[in-house]
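The values are calculated or read from the model by the stated rules, or taken from the named source; none is laboratory data. None of these values were measured; they are calculated from a predicted model. Heads up, the Cβs are rebuilt from the backbone with ideal geometry, glycines too, and the neighbour counts pull from every protein chain shown. To get the accessible areas, we keep the full protein, side chains included, count just its heavy atoms, and leave off ligands, DNA and RNA. Shrake-Rupley method; radii C 1.70, N 1.55, O 1.52, S 1.80 Å.
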Amino acid sequence: MISILNLFQKLILITSLLVFCLCENQNKIIDYDNHHNTDEMLAALNYVHATCPDITYLYDLPLRTNEDRPLRVIVFSDHPKHHEILEPEFKYVANMHGNEVVGRELLLKLAEYLCQEYNNGNKEIKKLIENTRIHLLPSMNPDGWEHAVQNTWNNTIPGKYENVSTMMREYGATDWLVGRSNANDVDLNRNFPNLDEFIYKYNHLANHKNNHLDIETFQELISGKDCHSKPYQVETVIVAFWIMQNRFVLSANLHNGDLVANYPYDDSEYHTQMYSKTPDDTLFRQLAESYSYTHLSMRSQKKPCSTDVFENGITNGAAWYPVCGGMQDFNYLASNCYELTLELGCKKFPPGKELISLWNHNQGSLVNLIWQTHLGIKGLIQNEDGKMIFNATIKVYQAEGDNWKYIDHDVTSNIGGDYYRLLVDGSYAVEVSHPGFKSQTQYVDVNYKSQQTDAQRLDFILESVSITWWSWGLIFICISNTNAFCPNDEDLQQHHCTCNIIHSYIQCSSLPKQCRTCYLYNTIFFDEYVNILSAESFRYYDLFDYDSNRSFTIQFAQLNKLSSNAFSKIDMDTDRTLSIKIAKYTSSIIPARLFDEIEIQSRSKLNIEIFNVTLSLLVIESYAFHGIKLGFESIFRFSILSMKDTIEFQANAGSFYIPAYSTMEFYFSNFIYASLNDHSFNHITQAHSSNLQINFNYFHSASIGYASFYEYHQLDESQFHLIFSNFQDLTIEPKLFHTVTQLKSSIIFSLYNITNDLCLPSETFSQIKQDFNSTFQFEIDYGKDVLFTPKTFFNISQFAQSKLSIILRNSYDVYFMNQSIKNIHQQEQSLLDIWIKYGRNLIFQENSIQNIDIQHSSIMRIGYQYSYGILQMDLNAFANINEGRGGELLFQILNSSDFSLRFNQSIILEQLEIVDRILTDQDLCRIIDIPSHIPVKLLNENLCSCSVFYLYRHLRHSLNPLVLKDLTPLCYFNLPLNEIEQEENKCLFDKQISYCHQMQKQSNIEIPNGKCSKKSLVISNTQHNSVSYLSLISIFICIIFGLLSIYILKKRQRYLFISNIFNKFSFYYHHHHHQKLPLFTDDSYQQLTSMNENNSDDNFNQEDLSNKMMQIVMKYDSTTKQTQPFIQTDKSDFIVSNYIENQQNEHTTLKLNTNPFKIIQKSHHHYP
């Protein structure tokens, strides 16, 4: 008996272990023994976010890579969507060099680890996430990664590996150069602004600037070339701004090629190999050791890669080898962030099967470095009224015996008044200062404890002081080594301005009428006493000389009023940069013709920045930007970085002409509400190769008035990008873009990260004419439900390889109502592209896409990729599609899982082809909703599964045997009829169909708010009828009356006459009385809303349609290669046929490209 009990206990133990192992495997959402391509990486991040939605947040950096891939970040925090006061922020960046991939995989695994451990109740991880905001950017260079893999695959012996995935798992990649750079062959870690050059120069000056070298950054970016004479890349620029605009405290950049923790500086003063230490050298060494000491092998004294030996596993960057333009030093000098560069192994692209070992070596170190964010001190800086002080300077002095040593690297407070200063253990004096306040010093002893969740708290309350211009004069006299009263300039002397030759600035408390020596300096500061600008205030200022001084800054502490023409008639010669900075703006208007007759000559730049608008309403008056004279390759930028409440654009506020090769940019951020009144940007004309960008960022809501962009004309190769990002609500009036002409140009309207639903009204985009490779693109990334109302896209003509793109990524339900896209005329290889990616339900109502002419090898393409839910096509969803001379209609479903394809059972298709693979019994639920009257063609070698028998159970009774032979696989055609019936009986179709329908889920489709009324569509097996009982009785009486009339009249002509009258009555009653949206259902055998009505506005004969078979062939083809949906103006992104002879019976081809049971399709036929 005892032995039996022991045996039973062992069985229970073994079973428990097996269950545990199975559960472990199911919990692992990241493949631990292989690499992830870009789509797999994005899918993994989405999966982590879906698994831990309360502690994660996904966002893409505003710009995409050169090959149009996103730079996606996942955030971990208990409040992941925004910064919390006194909670420090940390970031990891990986895969900066595309062929250095270990960091990329480690960050995916770290994301999964943080998510799972938090859900499992790991106290350490919960404490870390609840007290730190962690940003993970797994790939800064996805283009390089793809190039590295493609190169390895191209050079692999054919047949050696089954596919790319197997090659990456077993072999990896070994080329040390291919893929390192981005798509433009630029090394991104040599492409950042070289701020080391400035800091080494400033170190020789007294009272020098030692942090936040933002002006220097802009100067470098404006120059257009890095220190290796390479153009600045989009990946570099967007990450640079990401670094400067966020509140990062600590960071690490993950690389491969050696095994060491590297710390700044990366470059020495004369670009030679030597130890180049920062003022925080002790701190950086401790941070580097915090990683190497917790790594399983980095601290070893042995040569890890048969090259260098690194003591304690750390090294100073420049002492190892100098790097000019690196990201590590840029973090330190351009922001409050301290960054390390971590080399994680000798192999740049190791085989995937080695990744689990690398994760085990680095897991503890990755977590431990995040804990270091809580070193040192933090606190709040505020005034006596409790208002937080932004941009206060925090200076730190460390006690060394009886002396205090200044650590010559200051940090600044954030916009919420919080600050963070990493420090090693010791005693410190901390001094906080800000213009207009008395400085304050406090003393603190820092003593870090392992995994402490808070740095030591040290708050400051600053006392305000009133500084007169006499005080400023005394201050400048004390610190200046030159004549404080501006020698050789009587105008400046009369206005008691002070000049500092060493630091190259002028300080004034009143406004001189002229300045003949301004060119000797770089900046003129006006304090709060200069707060009103009259017309032509700077007409007689000599801001530039011919040789040395090519940039100048005019800065105001506060402006209360700007007059019209205030900045008029400023003459900017060739290759000059003028910056106008306004710290505080207290007026309610930006007046008309503010910059009238200002002349920006070739290759010059005018940059206007307003940092804070204090009133609740700011109105941009009509013609505010009128009269600006732009020269060849000149740039005009206007930015408002923070507003109290509302910004309003009057009619014609943005009416201007942009000359050839010039650029205008507008940026508005951090406000509550934006109102673009009717016709606010009327009559814009862009000449050859000009650029216009209008960007609204970080706001609550906006409304765009009627015909805001009316009569917009673009000439050859001009570009316009309209961006709304990080907001909740957007209301759009009709005819947003109306009467637009494009010639070899592009317009992109982008909505990023919208919180609420979006409704696009009638004629949002109308009367658009595109000619010769023009692009009009509407895109949403990270949205909710989107509703396209009737005639959203209306009356659009495309010629000569033009593109109209509708791209929706990471949104929920997308609903195309009746006639959403209507009257589109395509000719000569043009493209109409509708692309849904990472979406949910996609619904096409009756006649949703109507009156489309696809002529001369043009393409209309609809894509549904990485999405799930209901894909519903009503009868005549694509109505009156006219294909001629090689035109094609493509419908592609790619890499989407858990979706249901639903046909209206009355839909008429000539043929459906399933040509990608063998159909088995397991595919039955996938194909049961294919209407029984649609001929289905299978591969000849398909085995005779129940799925095959189901498809032909009705067709074999209705089709000609020769036709049937052409459709069916060989196994089916060779079977006699009695054996076919026996096999059908074995399949138990009734039971299987019932099971499949039970597995179908009910889905709720919400029609968005906005200018459309809120409605809900329930997708289920039960139809809900909104028609009243009285209406039903009336309809029933009408039907009985119609049938009796037809029976009595009998004759065919009278029959048709009465039928037509009855159909028209039914149509009128349905459309004009009820105006209800159709009901969609998972059960395709349930009758849908009738789609036989005809719109009286359309010249479309419904009776002719019913008597004529629609020539449509649908192809299910998972090997169809996806064409790139995102538009480039310099190349065509689709392949068209050159065969343009007249074809009377051309087929419209809908290619259904999917494998619903796999998230990511891997194929050796082409590179994934």
Query raised in the report: So for the pair Leu617, Ser534, with labels modelled 7 Å out along Cα→Cβ, what separation do we get in nm?
Result: 2.9 nm
Requested in this report: Treat each spin label as a single point 7 Å out from the Cα along the C-beta direction, and report the Leu959 to Lys449 distance in nm.
Outcome: 7.7 nm
Query raised in the report: So, by mean Cβ neighbours within 10 angstrom, what's the order for 389-401, 239-251, 421-433, 862-874 with the highest one leading?
Result: 862-874, 239-251, 421-433, 389-401
Query raised in the report: So for the stretch 548-589, what are the equivalent ellipsoid semi-axes in whole Å, largest first, each being the square root of 5 times an eigenvalue of the Cα gyration tensor?
Result: 24, 13, 6
Query raised in the report: Could you give the accessible area per residue of the stretch 105-157, probe 1.4 Å, as a whole number in Å²?
Result: 30 Å²
Query raised in the report: Accessible area per residue, 1.4 Å probe, Å², for the stretch 218-316: what's the number?
Result: 42 Å²
Query raised in the report: How high is the relative contact order of the stretch 380-462, in percent, with contacts defined as C-alpha pairs under 8 Å that are six or more residues apart?
Result: 32 percent
Report summary line: For the stretch 358-368, in residue order, the Karplus 3J(HN,Hα) values (coefficients 6.51, -1.76, 1.60; θ = phi - 60°; whole Hz; Gly and Pro = x) are 5, 5, 5, 6, 10, 4, x, 5, 4, 6, 5
Query raised in the report: Please report, for the Cα atoms of the stretch 480-615, the Rg to one decimal and the Dmax as a whole number; what are they, in angstrom?
Result: 14.4, 43
Report summary line: Plugging the Cβ-Cβ distance of Asp214 and Leu177 into 1/(1 + (r/R0)^6) at R0 = 35 Å yields, to the nearest 0.05, a FRET efficiency of 0.55
Requested in this report: Please tell me which of these pairs span more than 26 angstrom C-alpha to C-alpha: Lys225/Lys584; Lys303/Lys353; Lys127/Lys449; Lys387/Lys513; Lys644/Lys837?
Outcome: Lys225/Lys584; Lys387/Lys513; Lys644/Lys837
Report summary line: Computed ³J(HN,Hα) along the stretch 952-967: with the Karplus parameters 6.51/-1.76/1.60, θ = phi - 60°, integer Hz and x for glycine or proline, the list is 10, 5, 9, 5, 5, 8, 10, 9, 4, x, 5, 5, 4, 4, 5, 8
Query - Amide H contacts under 5 Å for Ile859, placed H, 5+ residues apart - result: Ser830, Leu831, Leu832, Glu888
Report summary line: note: the stretch 29-373, Cα-Cα separations exceeding 34 Å make up a percent value of 20 percent
Query raised in the report: Amide H to amide H, which residues 5 or more places from Asp645 or on other chains are under 5 Å from it, using H placed in the peptide plane?
Result: Ile672
Requested in this report: Using only C-alpha atoms and all pairs of different ones, pull out the Kirkwood radius for the stretch 574-721 in Å with one decimal.
Outcome: 15.4 Å
Query raised in the report: Tally Lys and Arg at +1 and Asp and Glu at -1 over the other residues with C-beta under 14 Å from the C-beta of Phe696: what net charge comes out?
Result: -3
Query - Solvent-accessible area, 1.4 Å probe, carbon plus sulfur percent, for the stretch 480-615 - result: 44 percent
Report task. Using only the alpha carbons, work out the radius of gyration and Dmax of the stretch 656-720 in angstrom. Result -> 13.0, 37
Report summary line: Stretched fully, the stretch from Lys81 through Glu384 gains (0.36 nm per residue minus C-alpha distance, one decimal, in nm) 106.0 nm
Requested in this report: Mind checking the per residue accessible area of the stretch 380-462 for me, 1.4 Å probe, whole number of Å²?
Outcome: 49 Å²
Query raised in the report: Taking N as the number of residues in the stretch 311-416, what is its alpha-carbon radius of gyration divided by 2.2 N^0.38 Å?
Result: 1.49
Report summary line: Largest first and rounded to whole Å, the semi-axes √(5λ) derived from the alpha carbon gyration tensor of the stretch 803-867 read 22, 15, 7
**Report entry** Calculated P(r) of the stretch 150-294 - Cα pairs past 28 Å, %
**Finding:** 36 percent
Report summary line: About its Cα centre, the stretch 380-462 carries a charge dipole, from +1 on Lys and Arg Cβ atoms and -1 on Asp and Glu Cβ atoms, whose size in debye to the nearest 20 is 120 debye
**Report entry** Rg and Dmax of the stretch 380-462, Cα atoms only, in Å
**Finding:** 13.0, 39
Requested in this report: Please turn the phi angles of the stretch 562-569 into ³J(HN,Hα) values with the Karplus equation 6.51 cos²θ - 1.76 cosθ + 1.60 (θ = phi - 60°), one per residue in order, whole Hz, x for glycine and proline.
Outcome: 10, 8, 4, 6, 4, 9, 6, 6
Report summary line: The set of residues whose placed amide H lies less than 5 Å from the amide H of Gly379, leaving out same-chain residues fewer than 5 positions away, is Tyr419, Leu458
**Report entry** Listed residues His228, Ile85, Asn368: farthest to the positive end of the dipole of the stretch 29-373 (Cβ charges)
**Finding:** Asn368
Query raised in the report: Regarding the stretch 936-987, what are the three Cα extents along the principal axes, ordered largest first, in Å?
Result: 26, 22, 17
